[in-house]
Amino acid sequence: MTSHDPDPNTDLADDVDGESVGDPVDAEALTSRIAGASSDGPAQELIDAGFAWEIADAPLLHAGLNLADLGHVIDLHQRGVIPDRAAADLLSELLVAHATPAEEFPYDAQFGEPYNSRERLFAERLGNTAGWLHAGRPRREAARVAFRILLREQAACLVVEAGRFASDTATVASAHNEVLMPDQTYLQQAQPSTFGHYLLAFVPPALRDGERLVSALDEVNQSPGGAGCVNGSRLLEDRATIAELLGFGDVIEHTRDAMWQTDTFIDLLATSTSLISNQSKLAEDLEIWASQEFDYVDLAGPYTRSSVLMPQKRNPYALTIVRGASGVLIGRLSGFLAVVKSPSARSDNLIFAYGEIPRALELSTRISALMSGVVRTLTVNSDRMWEELQGGFSQATDLAEFIMSSTGIDYRSAYRIVGQAVRAASSAKLRGLDITSAMIDEAAREICDIELSIDPDQLAAVLDPRSIVDTRTAIGGAAPEVVHAMAERFQRRADGVRAEGERHLDHFAATEKALVARARSLVSAYGGD
């Protein structure tokens, strides 16, 4: 170690709250809490329970920290804060870090959070030159920038997958717009519909969540750079340069808000949870419908697992993963909401977010991709659906409405008459299709002491499930042509969502490439190794 090198046993950046950097102080000469770093090393319990938790998240922040540091040094250099050679040497070292996989970088909980390990390594290699990295920026700011760099890419990936799920689901729905089935509520037959109409219902929520994710992405993609701890730095007369270098869409205006806001992350986490919650509902239905008792659908083999004990079983394992992941995401959202309730400007708001939110977004992305695959390869058993539709009484609502409109009696009376006719038919082992005018008259006499004399041909048309579905031509209805047209519109929206995510990903990749190229150019120009 040369004479100008810092003592590796001294934590250069560790003051009372971890937000400012200065020369090591004599702790014995200062007695107040705000005196500076303790002369004692951290307790092993603190290392195990605190720093180790943060270090476990270092691989997630590694790439973002490298970009944040590169951008910061370039910004300071062009302002004349850092000398040319020092900037070149520091950028050269940062480029090495950028090329080093996270798992190979010497992050160590003994030294504190990830920033401390980086600082220690740079100081060992560069001596006091490494100290320029701290000018005008606390370590928490570096982490905030890195966090947003990570989240914006993950959010863009999730936007792409949300669009893909919506697109794939709309495509499959359109292809099954004439597959008749008894739609259900509470697992009981409700009204005649089509599988296409049923499946398409999961697309609008996915689109809304996808569009909300685009909005959340725009919020995440704003720069906290130059915010300092709460009130910026005299070294940075504007904060736009670092934002532009790192490809952020804008600067978070208020410096304290830039450092300590949490609502943006709540929004992102809540929307990703909502996206998977919608898919979990579909997974729940498909798991039931894939059972032998229903036999409405079959999952493609690659999305199932067999039982090692029972040869006849093939389990819809992919759907189990989707349903379980939805619960995990709800738990992570609840957990984050629990820690952000602390007073403002507290690190516990975000220490636990650095790992939990990225892992939640990654899980959401994987699950959405999985559910897209399930839907895209699904086999629909149309004959079985038609069999159940014919065998039930899902025509009952249409029959009651027909009786009301054709005889002039009120709907409640018509409802009671049909209910009595259905009970009688069910007791006689008949189907809804088998209800006759005589059975309706018998029910009408019992309920209202009247006879209705429904025309048998009109009654047959009213009871025909296909005819019922064909009447649903209003906006959003189940008529095949309506479903097809809706699916096309949803498809266009889904393509737009997906394209927006891909556009952001291309921009982020181009930004990183340009930043690294600029750093290399400065190293070459000013003699860095």
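The values are calculated or read from the model by the stated rules, or taken from the named source; none is laboratory data. Since the structure is predicted, the reported quantities are computational estimates derived from the model, not experimental observations. Don't worry about glycine lacking a Cβ; one is built from the backbone with ideal geometry, like all the others, and counts go over all protein chains shown. Note: accessible area is taken over every heavy atom of the protein model, side chains too, but ligands, DNA and RNA are not part of it. Shrake-Rupley method; radii C 1.70, N 1.55, O 1.52, S 1.80 Å.
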Please compute the net charge surrounding ASP250, taking Lys and Arg as +1 and Asp and Glu as -1 over other residues with Cβ under 14 Å from its Cβ. -3
How would you order 357-366, 253-262 from highest to lowest mean count of nearby Cβ atoms within 10 Å? 357-366, 253-262
Pair SER347, SER307: separation of 7 Å Cα→Cβ label points (nm): 5.3 nm
Evaluate E = 1/(1 + (r/R0)^6) for GLU124 and ASP495, where r is the Cβ-Cβ distance and R0 equals 41 Å; express this FRET efficiency to the nearest 0.05. 0.20
For the chain, take the longest principal axis of its alpha carbons; what is the angle in degrees between that and the long axis of helix 382-391, to the nearest 10 within 0 to 90? 50 degrees
Could you order the peptides 196-202, 440-446, 467-473, 132-138 from most to least packed, using the average number of other C-beta atoms within 10 Å per residue? 196-202, 132-138, 440-446, 467-473
Under a plain spin-label model, where a point goes 7 Å from the Cα along Cα-to-Cβ, how far apart in nm are ALA428 and ASP218? 6.3 nm
C-alpha long axis of helix 263-289 to longest principal axis of the chain, angle in °: 40 degrees
Any chance you could check the Cα centroid distance between the stretch 63-95 and the stretch 423-486 for me, in angstrom? 76 Å
Return the distance in nm (one decimal) between the two label points of a simple spin-label model at ARG79 and ALA99, each offset 7 Å from Cα along Cα→Cβ. 2.9 nm
For PHE352, solvent-accessible area (1.4 Å; no DNA, RNA or ligand), Å²: 80 Å²
Classify the stretch 44-173 from the C-alpha gyration tensor, please: rounded if a/c falls under 1.5, else prolate or oblate depending on whether a/b exceeds b/c. oblate
Solvent-accessible area per residue for the chain at a 1.4 Å probe radius, Å²? 46 Å²
Over every pair of different alpha-carbon atoms in the stretch 362-422, take the mean of 1/r and invert it; report that Kirkwood radius in Å. 15.1 Å
Hey, what angle do you get for helix 58-78 against the long axis of the chain, alpha-carbon based, 0 to 90 degrees rounded to 10? 50 degrees
With a sphere of radius 15 Å drawn around the Cβ of GLY301, what net charge do the other residues whose Cβ falls strictly inside it have (Lys, Arg +1; Asp, Glu -1)? +3
Just add up the charged neighbours of LEU370: K/R +1, D/E -1, any other residue whose Cβ is under 12 Å from the Cβ of LEU370. +2
For the chain, count the residues as N, evaluate 2.2 N^0.38 Å, and divide the Cα radius of gyration by that value, please. 1.34
If R₀ is 22 angstrom, what is the calculated FRET efficiency for the pair GLU481 and GLU387, using the beta carbon separation as r and rounding to 0.05? 0.30
May I ask you to order 298-310, 266-278, 146-158 by the average number of other C-beta atoms within 10 Å around their residues, highest value first? 146-158, 266-278, 298-310
Among PRO311, SER280, ALA240 the positive-end extreme of the charge dipole of the stretch 220-322 (Cβ point charges): PRO311
Nearest-0.05 FRET efficiency for ASP470 and ILE330 at R0 = 51 Å, using Cβ-Cβ distance, is 0.80
